[in-house]
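Engineer: The structure under discussion is supplied below as structure tokens; questions concerning it will follow.
The values are calculated or read from the model by the stated rules, or taken from the named source; none is laboratory data. All values derive from a computational prediction rather than experimental measurement. So basically every Cβ, Gly included, is an ideal-geometry build from the backbone, and we count neighbours across all protein chains shown.
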Amino acid sequence: MEAVHTHADHGHHDHGHDDHDHKPTGLKRWLMSTNHKDIGTMYLWFSFCMFIVGGIMALVIRSELFQPGLQIVKPEFFNSMTTYHGLIMVFGAIMPAFVGFANWLIPMQIGAADMAFPRMNNLSFWLLPPAAFLLIGAQFAPGGGAGVGWTLYAPLSTQAGPAMDLTIFAIHILGMSSIMGSINIITTLLNMRAPGMTLMKMPMFCWTWLITAYLLVAVMPVLAGAVTMTLTDRHFGTHFFNAAGGGDPVLYQHIFWFFGHPEVYIIAIPAFGVVSQVIPAFSRKPLFGYASMVYATASIAILSFMVWAHHMYTAGMPVQAQLYFMYATVLIAVPTGVKVFNWVATMWRGSLTFETPMLFALGFLFLFTLGGFTGLVLSITPVDVQLHDTYYVVAHFHYVMVAGALFSAFAGIYFWLPKWTGRMYDEKLGRIHFWLSLVFFNLTFFVQHFLGLAGMPRRIPDYALQFAEFNAISSVGAFGFGFSQLLFLYIVIKTITSGEKAPDRPWEGADSLEWTHLPSPAPFHSFVEPPVIK
Amino acid sequence: MRNLGVNKWIFAVASLLSSVAAWAEYKLNLQTPHTLLGEKIYDLHTIVTIICVIIFVGVFGFMFYAVFHHRKSVGHKAAQFHENTAVEVAWTLIPFVILIALAIPATGTLITMRDTTEADITIKATGYQWKWGYDYLKGEGAGISFYSALSTPRSQIDGEDVAGRQANPHYLLETDNNVVVPVGQKIRILTTAADVIHAWYVPALSVKQDAVPGFIRDTWFKAEQPGIYRGQCAELCGKEHGFMPIVVEVMTAEKYTAWVASQQTKAVAAKVDPDKTWTLAELKTQGEKVFGQNCAACHQATGMGVPGAFPALSGSKVVNGPQQDQIKLVLNGKQGTAMNSFKHLSDVELASVITYTRNSWSNHTGEAVSPASIKAQR
Amino acid sequence: MVGGECVFLWSHAEVLLVGAMINKRANNRMMTRLSIFAAGMFGFGFLLVPFYEKICEVTGVNNLIKPAVAVVNTQVDVSRWVSMEFDANAHGLNWEFKPVQRTMKVHPGEMVQVEYDVTNKGDRATVGQAIPSYGPNHAGPFVRKLECFCFKQQLLQAGETKRMPVQFVLDGGLPADLNTITLSYTFFEVQGASLKPTKADGVNS
């Protein structure tokens, strides 16, 4: 279905046509870039920096939790660390990483020369460093960073110090960046596909970004509304979340999670897209059930609007509401299951090899599904009443976001590095990075399921003695995982500076346009004229 | 009929595994439930987990089979199929059916959990930053009212007394006043909060309910065995969120009646005679307790505060200065800082704690603050 | 348009240029639509506030401080008792606030009056607003308040005590399994106190 053919005169000599290989140089190249490849590169490097910053915050948390007692940090600083670890990882690391993939790959995969709005693309990226500066800078505000949790619940948030205002401002900026980026992506995908590339011939990665971008445009503004209401409650005399004025703190939770649940799919769905490119390539077999993958992804996206209050089962909503949200939430397991089955069926009776991208994709498959199952456990309301706000939830979302989205991002980076840089990464080192990440990740987070079951709440800097052993194991795992990512940095730099030259198509099973039509590295301007797809 | 057979098998395995309450001993599972509803929740969790494990093993059985047998390196050639309508329909419908099967027992359990009617005793739990207040509203013990704060000494937390911490089996899970209830009776818990959202959570009694400021929520439990059950606040509420535990002491009916009587005697004794004159020593003793519960978290038991964050009281100008200024500050808090208002404490409590600060550490004012002075400034 | 229908007569450059122009128009149209959508969703976030209030009103989850429409045909259901509990809280106010009766058994349909005592223990006049809350939440719509001190802000002079009534009727449609209802009030201080009546005007305390 995804086989593409071109006219004879647009063969593999396309790059000969490109007289645009001269690129701008120096600072201007990056500051004023309107090139989707350069902007993609900037997004990826930015997200890696944020990953390190957020990771350091996580290590502060795990250091304090290594043993019972308060040894290292004060409780208010600990709360600030948990808050900004969450905000930075979600908004600064994982989301920009996948936007980086979108920028690099979408134009190449649909045969377009660039994104629909190259200058807006530039703005979307350059809004991010100031936002990051605000989030990191909030630590130094009087009173320290806001220790309110990444979910910023009122009235804790309406009472927090000045760091909260900086944080709200940062979120507004991040939201604008995402919304503009999503408008760009939707427009590009709908309007700029090469002739002959119908929507149902688009690579799965593009489909996932089309759906994700719609989700983003729909819900980021709602988050903006929620934090704006928090801001006006704080400073301009409104009382959206204050019972004294006729408001309700739980209103905040509803508005936030109306954003928050689609947000987790905004993170997961592009990850699905990457994996849907990698697994067929290394199985040398087409993706199983392309159409049902599209429908399943769209169903997940639509359903994600209807389940938000499963994050709030204990807030006090009527039992009928709890029942509705329980039923709606368990339903999401159906399309998600379909996707997992489709990936396994893609591998079934394929001809498999296990280079690093495939290792990470399989890690994703195995561990994201495990996280999905703990999500199913949590969706059952009576069980959730025991597990809400405990470490079981922390374990669940780290499985789907780290072993899920992050592993998928690693798979994508190893997969596409040859196309982006023209050089191969070191396969042996890549495997070591995979195995270290896999082992330490599980060491860190598997035991947290038990902590939650045993009753350890979230967001506490000190805990009762029966939780000590598993916390110690988790902390050791966290440090191992963190340091393993330094190996990844080394691998990427080594590839860029001295990797072996890569062939145009190092993966024989990869068949999207960037592999079949473009050299490695892809030229600065590619598909200046669109290829024709049969 | 085949369905029934399969269900029987699942339930057999489930009950076998769930009866392995030993799992709870290894802290790999939920805490052993001590209510009938809690047992239902425990079983529900077991069933869902088992179903998940079965599906997981099945699906990844296929994946690992492919990983080993469908490898290029063993010469396997790739098939090219990419669709199979029958299979796709099956693996959409079967999970759907399984989910309905899960949702049905969950529905019944949930409805029972939300039915707070016909309770024997009603207790209101109010979340404060950072302790709980309990008011017995209805049933045997109505009228009893007290605060319940963490009683683990700060020195065990800060690391001054590591040996103490290691020898303390209830570290961070002990309070000065426990919530006492009789066994076998339906206890309705109303939750609310005085400042931000808290949550009342006792795992062994299978209850968790958010406490929202300005609103009342309710939940219930009926303990089947006497015992002491410990829980914690389960909604981030500020810096001491991890330090406001809940201890529920379930007593036999007779012991409970005796406890109620003793509380009422205590209340009568503690009723403040407005004309009573308090000595400096009495105020200081009482004040030290109040200080430990309300002030030490920030100003430290040493009175030295935390430089840059919480001012030292020892040698403080305010504490050594005019009484009414210190009283005003404690009553009203200080805008723009973390110093809350403490006007919810009684005149006696405030008089005693201010007296304590004025006569402890390096402060030697020799002054006693009377409850009347507090009252005058409210 | 360049050259009209005969596209094959255009030069290569013209083809690319026209393609780009068409693209640009289509792209700009798409961007406008999506921006409007985004702006709409921002408004939707704020719309959730009255939306939420409406839903709460309809389902009776968090009752607003409005008097009930006068209940006609109040047939007292003597076959059923409902156990009512009364609770009081004061937030950030130096007021002592407690119900005169802690519990009461009532019949649905029966007009009931209970009282709350409130004392201003401070040394200055303060204005407070009482907000009701119900346990369980869904009992709210069945407690039809005809008169309530929560309909208006209350001014108390320093040291003043007031005994304030609440008059209500339990709706006959109260579900059979709802036998215990807690009516709880929380008094909040109204800053910059000016004594204005709240949403329900003209109802005296």
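Engineer: Among the residues of the stretch A:447-467, which ones are in contact with a strand residue (DSSP E or B) (Cβ under 7 Å, 6 or more places away or on another chain), crowded, with 22+ Cβ neighbours inside 10 Å and within 17 Å of A:H398 (Cβ to Cβ)?
Structural biologist: A:G452, A:M456, A:P457
Engineer: Mind counting the residues in the stretch C:72-87 that are within 10 Å of another protein chain (Cβ to nearest Cβ) and surrounded by fewer than 20 Cβ atoms within 10 Å (Cβ to Cβ)?
Structural biologist: Matching residues across the stretch C:72-87 total 1.
Engineer: Please find, within the stretch B:170-189, the residue that is nearest to the chain's Cα centre (by Cα) out of those that are closer than 18 Å to A:P457 by Cα and part of a loop (DSSP other than H, G, I, E, B).
Structural biologist: The selected residue is B:L173.
Engineer: Take the stretch C:171-180 and flag every residue that is closer than 23 Å to B:T192 by Cβ and touching an Asp or Glu at 6+ places or on another chain (Cβ under 7 Å).
Structural biologist: C:N179, C:T180
Engineer: Would you tally the residues in the stretch A:191-200 being farther than 17 Å from A:F527 by Cα and among the hydrophobic types (A, V, I, L, M, F, W, C)?
Structural biologist: 2
Engineer: Let me ask something else. Taking the options B:Q264, B:Q324, name whichever one is surrounded by fewer than 17 Cβ atoms within 10 Å (Cβ to Cβ) and assigned by TED's automatic domain parsing to the domain that holds B:W130.
Structural biologist: Testing whether each residue is surrounded by fewer than 17 Cβ atoms within 10 Å (Cβ to Cβ) and assigned by TED's automatic domain parsing to the domain that holds B:W130 leaves just B:Q264.
Engineer: Here are the criteria: (1) closer than 24 Å to B:N294 by Cα; (2) within 12 Å of chain A (Cβ to nearest Cβ); (3) at pLDDT 95 or above. Tell me which single one B:L110 does not satisfy.
Structural biologist: Unmet for B:L110, out of (1) closer than 24 Å to B:N294 by Cα; (2) within 12 Å of chain A (Cβ to nearest Cβ); (3) at pLDDT 95 or above: (1).
Engineer: Let me ask you something else. Just to be sure I understand, how many residues within the stretch B:43-63 are touching a helix residue (DSSP H, G or I) at 6+ places or on another chain (Cβ under 9 Å) and either more than 7 Å from every other protein chain (Cβ to nearest Cβ) or at positive phi (or both)? Outline the logic, then answer.
Structural biologist: Residues of the stretch B:43-63 touching a helix residue (DSSP H, G or I) at 6+ places or on another chain (Cβ under 9 Å): B:43-56, B:59-60, B:62-63.
Going one step further and asking which of them are either more than 7 Å from every other protein chain (Cβ to nearest Cβ) or at positive phi (or both), we end up with B:43, B:46-47, B:50-51, B:53-55.
Of the residues in the stretch B:43-63, 8 are touching a helix residue (DSSP H, G or I) at 6+ places or on another chain (Cβ under 9 Å) and either more than 7 Å from every other protein chain (Cβ to nearest Cβ) or at positive phi (or both).
Engineer: Here are B:T152, B:T126: which of them is part of a strand (DSSP E or B) and in contact (Cβ under 8 Å) with a residue 12 or more places away in the chain?
Structural biologist: B:T126
Engineer: Still on this model: Just to check your reading of the model, which residue among A:F48, A:F77 is at pLDDT 95 or above, in contact with a Pro (Cβ under 9 Å, 6 or more places away or on another chain) and surrounded by fewer than 24 Cβ atoms within 10 Å (Cβ to Cβ)?
Structural biologist: Going through A:F48, A:F77 in turn, just one is at pLDDT 95 or above, in contact with a Pro (Cβ under 9 Å, 6 or more places away or on another chain) and surrounded by fewer than 24 Cβ atoms within 10 Å (Cβ to Cβ): A:F77.
Engineer: Could you check the stretch A:390-473 for helices (runs of 4 or more DSSP H) lying wholly inside it with 2 or more residues that are among the small types (G, A, S) and within 12 Å of chain B (Cβ to nearest Cβ)? Full working, then the answer.
Structural biologist: On the way: elements: A:391-398, A:407-421, A:427-454.
In the stretch A:390-473, the matching helices (runs of 4 or more DSSP H) lie at A:427-454.
Engineer: For the stretch A:122-138, enumerate the residues that are surrounded by 17 or more Cβ atoms within 10 Å (Cβ to Cβ) and without any contact (Cβ under 8 Å) to a residue 60 or more places away in the chain.
Structural biologist: A:L127, A:A131, A:L134, A:L135, A:A138
Engineer: Ok, one more. Enumerate the pairs (first residue in the stretch A:317-336 and more than 7 Å from chain B (Cβ to nearest Cβ); second residue anywhere and part of a helix (DSSP H, G or I) and β-branched (V, I, T)) with beta-carbon separation below 7 Å, excluding pairs fewer than 6 apart on the same chain, so at least 6 apart or on different chains.
Structural biologist: A:P318/C:T59; A:I332/A:I300; A:P335/A:I300; A:T336/A:I300
Engineer: May I ask you to list the residues in the stretch A:237-249 that are part of a helix (DSSP H, G or I) and in contact with a Gly (Cβ under 7 Å, 6 or more places away or on another chain)?
Structural biologist: If the condition is that a residue be part of a helix (DSSP H, G or I) and in contact with a Gly (Cβ under 7 Å, 6 or more places away or on another chain), then A:A243, A:A244 are the ones that fit.
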